[in-house]
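Working notes for the structure below.
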Amino acid sequence: GTKWTYAGPEGQDHWDENYPYCGGAFQSPININSELMRFDPTLRPINVRNYNLSPNEQLTFGNNGHSVQLSLPSKMYISGLPHYYSAAQLHFHWGSSSKPMGSEHLVNNKQYAAEMHIVHYNSDKYPNISMAVDKSDGLAVLGVLIEVGEFNPAFEQFLKFLNGIKYRDQKVQVPGFNIRSLLPTQLNEYYRYDGSLTTPPCYPSVLWTVFRNPVTLSHEQYMALATTLFSSHAQDSVSVMLNSNYRKPQPMDSRIVLVSFKE
Ligand SMILES: NS(=O)(=O)c1c(F)c(F)c(S(=O)(=O)CCO)c(N[C@H]2CCc3ccccc32)c1F
Ligand SMILES: [Zn+2]
């Protein structure tokens, strides 16, 4: 598709000019605020399966110009949702070195330093993510809020490769590791709502699960993510930094947020 950015003439306020869904309903992210929450006792803990990948497995870690993404094997899946959803990739959204606030979802107007998304597709109904991405029951994304604090050894297993993918379309192979270690301890406490991709084409195809508890990165780990990457190609005459790659909160309309916990 045509190129889009987070700011400037192709920035998020213009996405709907080329991608009509971006101006439509059921958009993500949102500000998850207490007034619009309802406890739902039927929300089961999220079960992640085959997330413990062997180091013999190589994962592609790449800079796609909008984020850094780690490809994931489809044998990884989540259950406990209305369908089985197989993993496709994980990626991040973050702020800048001067503004360590770049999460997409806000909780009671609090924006976190960064956010990780693990993108899955409904493998009960669709053969791959490309067939699922524009279907209303196509995707389930796990959102993990990230704050600056303790050093996180789990994230270091791929953050240490960032210098190899500084520029757009650069990729490296990283050894598999336990992807579960990137998630918070409690997978039973989360927010749930119907939303969309947070990038063009903004298809309203995502069942969102945002975990209540954030994970941490150290200041140095956050700064590596926020200052290493470019959205431009290595050979481009003008270098454009890749940071503040988060979409602003979108209208809730008549949506409410279900929560799996009481207080
Ligand atoms: N925040 S989010 O979870 O909505 C989300 C992104 F923020 C994001 F950047 C990407 S991307 O593929 O890295 C780049 C633009 O699609 C995807 N990629 C998804 C959407 C389309 C697609 C097709 C194949 C594999 C992954 C994806 C995404 F689902
Ligand atoms: Zn995302």
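Please treat every number below as a calculation from the coordinates, not as lab data. Treat the numbers as computed from the prediction; the structure is a model and nothing was measured. Cβ placement follows ideal geometry from the backbone for every residue including glycine, while neighbour counts extend to all protein chains displayed.
What's log10 of I(q)/I(0) for the range 83-139 at q = 0.22, 0.23, 0.27, 0.28 Å⁻¹, Debye sum over Cα points only, no solvent?
-0.78, -0.81, -0.93, -0.96
Quickly work out the residue 58-to-residue 232 label distance, labels modelled 7 Å from Cα along the C-beta direction, and quote it in nm with one decimal.
3.1 nm
Based on the Cα atoms of the range 57-172, what semi-axes does the equivalent ellipsoid have, where each is the square root of 5 times one gyration tensor eigenvalue, given in whole Å with the largest first?
25, 19, 13
Using only Cα atoms, what is the ratio of the radius of gyration of the range 1-98 to 2.2 N^0.38 Å?
Cα Rg divided by the expected 2.2 N^0.38 Å: 1.42.
On a C-alpha basis, how far is the centre of the range 100-174 from the centre of the range 188-252 in Å? Whole number, if you could?
7 Å
From the mean inverse distance of alpha carbon pairs (Kirkwood) and the Cα radius of gyration, derive Rg over Rh for the range 156-248.
1.01
Calculate the dipole size of the chain relative to its Cα centre from +1 charges on Lys and Arg beta carbons and -1 charges on Asp and Glu beta carbons; express the result in debye to the nearest 20.
Dipole of the chain, to the nearest 20 debye: 420 debye.
Whole number please: convex hull volume per residue, Cα atoms of the range 108-263, in Å³.
160 Å³
Is there a pair in 160/248; 75/166; 99/166; 135/262; 99/135; 3/171 whose C-alpha atoms are over 26 Å apart, and which pairs would that be?
With Cα atoms farther than 26 Å apart: 160/248; 75/166; 135/262; 99/135.
Could you calculate the FRET efficiency of residue 14 with residue 96 from 1/(1 + (r/R0)^6), where r is the beta carbon distance between them and R0 is 22 Å, rounded to 0.05?
0.55
Could you pull the Cα extents of the chain along its three principal axes, largest to smallest, in whole Å?
53, 44, 38
Report the dimensions of the range 112-157 along its three principal axes from the alpha-carbon atoms, largest first, rounded to Å.
Rounded to whole Å, the extents work out to 40, 22, 14 Å.
What is the Cα radius of gyration of the range 209-263 over 2.2 N^0.38 Å, N being its residue count?
Normalised Cα radius of gyration, the range 209-263: 1.75.
Kindly provide the helix-only [θ] at 222 nm of the chain, computed as the sum of -39,500 (n - 2.57) over DSSP H runs of four or more divided by all residues, to the nearest 500 deg cm²/dmol?
-2000 deg cm²/dmol
Would you work out which of 47, 64, 6 lies farthest towards the positive end of the dipole of the range 1-64, given +1 charges on the beta-carbon of Lys and Arg and -1 on that of Asp and Glu, about the Cα centre?
Value computed over the given set: 47.
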